[in-house]
Amino acid sequence: MEIINIPTKNQLSTDKLFLSYMHLISTRESQEIYRVIEPVGSGIMRHCHIDKGIESVYAEMEYYMPAYQSDRKNFDVLEIMYIAEGNAEFELMNRQFVSGTKGDIMIFNSQSASRRCILGKNGLSGLSLIVFPEDAVNTMNRILETDKFTTDNFFYEIRQSDSVVTFPADEVLETLFKEMIKFHGEYSTFHIKLAALQALLNLLTKKHRRDHTDFYFSGTTGKKVQNARKIITDNIDSDISIEKLSRQTGVNRTTLQKVFKEMYGVTINEYRTQIRIQEAKNLLITTSLSVTEIAGRCGYSNASKFSSTFKRYTGILPHEWRKQTI
């Protein structure tokens, strides 16, 4: 395979941010394949140029040290990451902690550079849209034949945030990001470009407002709350009370609840429900277990309550979701 790397003007900014820490392996199907260079990490990244101001990067990482991220402050840039498999914990330059797991969207801006990243034991795979707002708004106005997009309304609140915005992807976003990951062969680049623009439009219609009251906590407290999240994730079939989590992690109940909400954007109970629904989806797709059996594996002793909760999050009942998905 021929090795080619002719950066465009827009790609030069992308190179400065992260591509200079990778080795180009090949160019194929209009996409560049890179190997991450030590000591930044170990893994493979696939880069596709969407249009001026918008890039997509699919990554399969075994470990990752975000050495390049201090350069973010020199650019007005967003990284919109969808986690397809695995999980990651990020310690930001301002000592805040954020975390994402399978099915999550994480949006980093110029202010939210990472100083440290810890991947789950099986690594991480996902797709990021790298967006330079000044160029991206011109691109979207040109393609969509409008003048509605400006730098003042293009993810403005997120760009001003001092932390990372993270939330579970809804069905539409999940589908669009998975399309960007899976397409290969003839017309694949066109599919990826269309899905990327649709994903940006979808995200722009959502409001991810944060409380602008700064809330800081020590690195020790952050690590303890990370442990609380791990306990919940590892015991998805159990209703571990907040009191028990408090005792196990050594953080008082009030602090645990407050810091957990600040780090992950949802309450402890909301987070538990989200990961249960995500696991239920996985089991509905990959097994022939009955809805009652899946309910039990996801911590619900009552199948009716499980179905009601599933419908509240997805809009349809579990058996209907399985029928539509498989």
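Using a probe of 1.4 angstrom, how much of the accessible area of the range 222-297 is carbon and sulfur, in percent?
Numbers: 1670 of 3650 Å².
Carbon-and-sulfur percentage of accessible area, whole number: 46.
Protection proxy ranking, highest mean first, for peptides 238-244, 316-322, 129-135: 129-135, 316-322, 238-244, where packing is the per-residue count of other beta-carbon atoms within 10 Å, averaged. Remark on the range 71-203: hydrodynamic radius 15.6 angstrom, per the Kirkwood mean of 1/r across alpha carbon pairs. Label zone of GLU134 (point 7 Å out along Cα→Cβ, amide N under 17 Å): in the range 47-62 this covers 52-55.
Beyond 24 Å between alpha-carbons counts as too far, so tell me which of LYS121/LYS193; LYS121/LYS311; LYS121/LYS281; LYS230/LYS258; LYS52/LYS148 fall in that bin.
Working: LYS121/LYS193 32 Å; LYS121/LYS311 32 Å; LYS121/LYS281 22 Å; LYS230/LYS258 17 Å; LYS52/LYS148 17 Å.
From LYS121/LYS193; LYS121/LYS311; LYS121/LYS281; LYS230/LYS258; LYS52/LYS148, over 24 Å: LYS121/LYS193; LYS121/LYS311.
Taking the 1.4 Å solvent-accessible surface of the range 84-167 as the whole, the part contributed by carbon and sulfur is 43%.
If I stretch the segment between LYS305 and LEU204 completely, what's the gain in nm (0.36 nm per residue apart, minus their alpha carbon distance), one decimal? If you can, show how the numbers build up before the last one.
Details: separation 101, 0.36 × 101 = 36.36 nm, distance 3.32 nm.
Fully extending the segment from LYS305 to LEU204 adds 33.0 nm.
The values are calculated or read from the model by the stated rules, or taken from the named source; none is laboratory data. From a predicted model like this one, the values you see are computed outputs, not experimental measurements. Quick reminder, even Gly has a Cβ in these numbers, built from the backbone with ideal geometry, and neighbours come from all protein chains shown. The accessibility values were calculated without ligands, DNA or RNA, using every heavy atom of the protein model including side chains. Shrake-Rupley method; radii C 1.70, N 1.55, O 1.52, S 1.80 Å.
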